[in-house]
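Data block below; observations after.
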Amino acid sequence: MKPLAAAFAALVLAQFSFAQIMYVGTYTGGDTKGIYAYRFDKATGKLSPMGLMAETPNPTFLALDASGKFLYAINEVNEFQGKQTGGITAYAIDRNSGKLTQLNQASTGGPGPCAVAVDKTGKSVYVANYAGGSFASYPIESGGKIGPLGTFIQDNGSSVNKARQAGPHAHSVVLSPDNRFVLGGDLGLDHVMIFRTDPAAGKITPNNPPFATVRPGSGPRHLVFAPDGRHVYVASEMASTVTAFTWNPENGSLEEFQTVSALPADFKGQSTAAEIQIDARGRHVYSSNRGNDTIAVFDVDPQTAKLTLVQNESTQGKTPRFFCLDPSGHFLIVGNQDTNSIVTYRVDAKTGKLTPTGNKYELGKPVCFVFLK
């Protein structure tokens, strides 16, 4: 290889060594067709659009298996394959181009699925159905296909807000660090549901205790485990709060020790919480506010694990349905669902506070981001 050509090739390789593929799930309609991808430059925080990777209706939540070979997307619809239910679609990933090849699809057993997760062994996948108020699990077959339905669990009951909590509304599925439990917020019941997993069989069973509670009318939505494996933080949609729990990994139980608002003290309007994340060191928790349209930044006390609100940073758009920290933890990426934009922020390593990078990208109704490792 000639020196100039070798230098050019080295430059190209160096460029892509700093880039990771980030998939984006969306609400489809108009010009928005499905799952998109960007190359993320982990040195600068810039995104380079790669285009449409798979066309599919309302892939609003995505999950990758640990091998990085397969992606699973829920189809947030109320009718799928001729049935009154939502769907889940499995894809094989081309790691060079980012293109997704559909493997198969399955019904989620209930309408309006809103969350999906893959266990750490890549042997099972879990779904929460918001409209149906139910949870489902499936084995993953060799080659990444979704196997026959393993478990379907229908929640029942209601809570104090009759307009929004007349019935169950399952809203998340999150694996415990040891892969033995799945937790899921049920907005309609004010419960954080707790299930034991059997990944090899693709099944879940209610734990004993089967759930923890938040304050009536709070509407638990999303949750995150702290890196220490001993604490869980729950974002409650209706109350715009974060509730901190102590997690007992031996018996799968939660004990609340703090609830704090994610909104500025002087905020007077209507707002609902959406996503919640924690940094890799467990020093800062982030939660999004739709209406106030900010990311709330909390300090985590290293001794007590209690939270202190330190910042509400504007998302420069409306309805931050989802956000995530990049794998390095140096950047935070926000999707503004109702103003069709993706905005990036630099994260201060010491304080956890956010500073806009000045980079903003247009995409119709972005909802979920996942990084290919």
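Read the figures in this text as sums done on the coordinates, not as results from a lab. Here the structure is a predicted model, which means the values were calculated and not measured. FYI the Cβ positions are ideal-geometry reconstructions off the backbone, even for glycines, and counts take in every protein chain you see.
General remarks:
- Between V310 and V297, F298, D299, the built amide H atoms are under 5 Å apart, and every one of these is 5 or more places off in sequence or on another chain.
- A crude spin-label estimate for the pair Q316 and T351, with each label 7 Å from Cα along the Cβ direction, gives 1.9 nm.
- Within the shell defined by Cβ-Cβ distances under 12 Å, the residues around T213 carry a net charge of -3, with Lys and Arg each +1 and Asp and Glu each -1.
- The stretch 313-342 and the stretch 172-194: distance between their alpha carbon centers, rounded to Å: 24
- ³J(HN,Hα), Karplus 6.51/-1.76/1.60, whole Hz, each residue of the stretch 94-106, x for Gly, Pro: 8, 6, 7, 8, x, 4, 10, 10, 5, 9, 6, 9, 8
- When you count the other C-beta atoms within 10 angstrom of each residue and take the mean per peptide, 200-207, 301-308 line up highest first as 200-207, 301-308.
- Listed values for the stretch 200-209 are Karplus-derived 3J(HN,Hα) couplings in whole Hz (6.51 cos²θ - 1.76 cosθ + 1.60, θ = phi - 60°), namely 4, 9, x, 10, 10, 9, x, 7, 10, x, and x replaces Gly and Pro.
- Segment N156-A43, extension gain: residue separation times 0.36 nm, minus the distance between their alpha carbons: 35.9 nm
- CD proxy at 222 nm, helix term only [per DSSP H run n ≥ 4: -39500 (n - 2.57); per residue of the chain; nearest 500]: -1500 deg cm²/dmol
- Eligible lysines near K162 by straight Cα distance, threshold 25 Å, same-chain separation 8 or greater: K268
- Here's how it looks for R221: its modeled amide H is under 5 Å from those of A235, S236, E237, which are all 5 or more places away or on a different chain.
- Per-pair calculated FRET efficiency, R0 = 45 Å: T205 and S328 via Cβ, rounded to 0.05: 0.75
- Volume per residue that the Cα convex hull of the stretch 306-373 spans, once the total is divided by residue count, Å³: 106
- Convex hull volume of the chain per residue (C-alpha atoms, cubic angstrom): 145
- Amide hydrogen proximity for I21: with H placed 1.01 Å from N in the peptide plane, the residues at 5 or more positions away or on another chain lying under 5 Å are F40, L372.
- Under a model in which nothing but the beta-carbon of Lys, Arg (+1) and Asp, Glu (-1) is charged, the chain shows a dipole of about 660 debye around its Cα centre.
- Rounded if a/c under 1.5, otherwise prolate or oblate - the stretch 186-270, Cα gyration tensor axes: prolate
- Of V224, G25, S176, farthest towards positive along the dipole that unit charges on Lys, Arg, Asp, Glu beta carbons give the chain: G25
- Karplus 3J(HN,Hα) series, Hz, for the stretch 59-66 with 6.51 cos²θ - 1.76 cosθ + 1.60 (x for Gly, Pro): x, 7, 9, 10, 8, 9, 7, 5
- Interatomic Cα distance distribution for the stretch 232-291, bins of 10 angstrom, percent: 22, 47, 26, 5, 0
- Cβ crowding within 10 Å averaged over residues, with 286-296, 112-122 ranked highest first: 286-296, 112-122
- Contact order relative to length of the chain, as percent, for alpha carbon pairs under 8 angstrom and 6 or more apart: 11
- Placing a label point 7 Å from the Cα of R215 along the Cα-to-Cβ direction, the residues of the stretch 259-280 whose backbone N falls under 13 Å of that point are 259-263.
- With a simple spin-label model that places each label point 7 Å from the Cα along the Cα-to-Cβ direction, the separation between Q102 and K145 comes to 1.5 nm.
- Filter on K33/K120; K33/K360; K99/K360; K69/K99 - keep pairs with C-alpha separation over 22 Å: K33/K120; K99/K360
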